[in-house]
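Structure first, commentary second.
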Amino acid sequence: MGKAFTHITEPMRRLVAASPVFFVATAPSHGGRVNLSPKGYDTFSIIDDHTVAYADITGSGVETIAHLRDDGRITFMFCAFSGPPNIVRFQGTGRVVVEGDDEFEALLEHVGRHPGLRSVVVADIDRTSTSCGYSVPFMDFVEPRTRLNDHWSAKTADEIETYHVERNAQSIDGLPGLG
């Protein structure tokens, strides 16, 4: 059954490397809605045994950014959809790094530059865990969806900035997002 650790282990690294999708959960500090987002593309990176980062691509909401700026708590989850059943969780404290911040360019070496990139989420991981995953179904990965990349690739920097101002300024609970 499940085990807990204070760092990212080698078997966890292998599951992360094989995962075409991961999940990110955050919550505001007082009340409000918990956010759980699926993430795709090759955007996640384990930097060391206690640090991870992912490329945050512009989307319809800004919950993760708003929650991290408010509270900082973050959980990542990876599931094995093929092979032996397994679930891995990384828990810790996250922060948002945007273009112009000192470490932004260096982080891009880990997560890559993607169309519509609005930030890099970095998390200091203080707890990792495994669980059985016995009820997670087998699923075949066919290919990534290209629609999000296609959408942002067709936009100018000004159009993306306008979208951030109009649609990513605050969370659904009214917490500050971008801007």
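Count the net charge of all other residues whose Cβ sits under 12 Å from the Cβ of GLU99, scoring Lys and Arg as +1 and Asp and Glu as -1. It would help to have the intermediate numbers written out before the result.
Values: positive: ARG113, ARG118; negative: ASP56, ASP101, ASP102, GLU103, GLU105, GLU161.
Neighbour charge sum, excluding GLU99 itself: -4.
With the charge dipole of the chain set up from +1 on Lys and Arg Cβ and -1 on Asp and Glu Cβ about the Cα centre, the Cα lying farthest toward the positive end among the listed residues SER29, LEU178, ASN86 is that of ASN86.
Calculate for the chain the 222 nm mean residue ellipticity that helices alone would give, adding -39,500 (n - 2.57) per DSSP H run of length 4 or more and normalising by residue count, nearest 500 deg cm²/dmol.
Details: 5 runs with 43 residues, N = 179.
Roughly -6500 deg cm²/dmol at 222 nm, from the helical runs in the chain.
Please identify, among GLU103, GLU143, GLU166, the residue showing maximal mean-square fluctuation in a Gaussian network model of the chain using a 10 angstrom Cα cutoff. In this elastic network of the chain, the residue with the biggest mean-square fluctuation among GLU103, GLU143, GLU166 is GLU143. Modelled label positions at ARG167 and PHE5, each set 7 Å beyond Cα in the direction of Cβ, lie 3.8 nm from each other.
Each Lys and Arg adds +1 at its Cβ and each Asp and Glu adds -1 at its Cβ; summed about the Cα centre, the range 22-179 shows a dipole of about 640 debye.
Here is the list for the range 90-168: trypsin sites (Lys or Arg not before Pro) lying in DSSP coil, each with at most 15 other C-beta atoms within 10 angstrom of its C-beta, are ARG113, ARG145, LYS155.
All of the numbers you see were taken from the coordinates with simple rules; none came from a lab. Since this is a predicted model, take the numbers as computed values, not measurements. Neighbour counts run over all protein chains shown; Cβ positions are idealised from the backbone, glycine included.
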